[in-house]
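Asks: First the structure, then my questions, so here it is.
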Amino acid sequence: MEAKEKEQVMELMISYERKALEKGRKQGMKHIVQAIARKGIDVKEIAYMTELSEEEVKQLIEEV
């Protein structure tokens, strides 16, 4: 495998890793937001605690 091909493969692997990490972060945040909401905390407070917008919090709460 040539150096350029190796570099392309490495860039692709890094890209997949970043996507996987971001997906995991989003799933974790969704779980946290939904758990807090089940405790009766309102959207505004959840947004403040998580540093998300109120709209983002609403979307995460509604996701199945």
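Asks: Looking for whichever is in a helix (DSSP H, G or I) and touching a Leu at 6+ places or on another chain (Cβ under 8 Å) here; the options are Lys30, Lys26, Lys19, Lys4. Which one fits? Working first, answer last.
Replies: Details: Lys26 fails: touching a Leu at 6+ places or on another chain (Cβ under 8 Å); Lys19 fails: touching a Leu at 6+ places or on another chain (Cβ under 8 Å); Lys4 fails: touching a Leu at 6+ places or on another chain (Cβ under 8 Å).
Just a single option satisfies the conditions, and that option is Lys30.
Asks: From the set of residues in region 39-58 that are open to solvent by less than 60 Å² (accessible area, probe 1.4 Å) and in a helix (DSSP H, G or I), which is modelled with the lowest pLDDT?
Replies: Of everything passing the filter in region 39-58, Thr50 is modelled with the lowest pLDDT.
Asks: Looking at this structure, is Ile36 of a type in the set (Val, Ile, Thr) and open to solvent by less than 40 Å² (accessible area, probe 1.4 Å)?
Replies: yes
Asks: Determine which member of the set Ile61, Ile14 is β-branched (Val, Ile, Thr), surrounded by 10 or more Cβ atoms within 10 Å (Cβ to Cβ) and in contact with a helix residue (DSSP H, G or I) (Cβ under 7 Å, 6 or more places away or on another chain).
Replies: Step by step, each of Ile61, Ile14 is checked, and only Ile61 is β-branched (Val, Ile, Thr), surrounded by 10 or more Cβ atoms within 10 Å (Cβ to Cβ) and in contact with a helix residue (DSSP H, G or I) (Cβ under 7 Å, 6 or more places away or on another chain).
Asks: Further question on the same structure: I'm trying to understand the selection: among the residues of region 17-33, which are in contact (Cβ under 8 Å) with a residue 24 or more places away in the chain and open to solvent by 70 Å² or more (accessible area, probe 1.4 Å)? Lay out the reasoning, then the answer.
Replies: Going residue by residue through region 17-33, those that are in contact (Cβ under 8 Å) with a residue 24 or more places away in the chain are 29-30, 33.
Of everything in region 17-33, nothing turns out to be in contact (Cβ under 8 Å) with a residue 24 or more places away in the chain and open to solvent by 70 Å² or more (accessible area, probe 1.4 Å).
The values are calculated or read from the model by the stated rules, or taken from the named source; none is laboratory data. In this text, all values refer to a predicted model and were calculated from it rather than measured experimentally. Reconstructed Cβ throughout: ideal geometry from the backbone, glycine too, with neighbour counts over all protein chains shown. Just the protein is used for accessible areas: all its heavy atoms, side chains included, with ligands, DNA and RNA removed. Shrake-Rupley method; radii C 1.70, N 1.55, O 1.52, S 1.80 Å.
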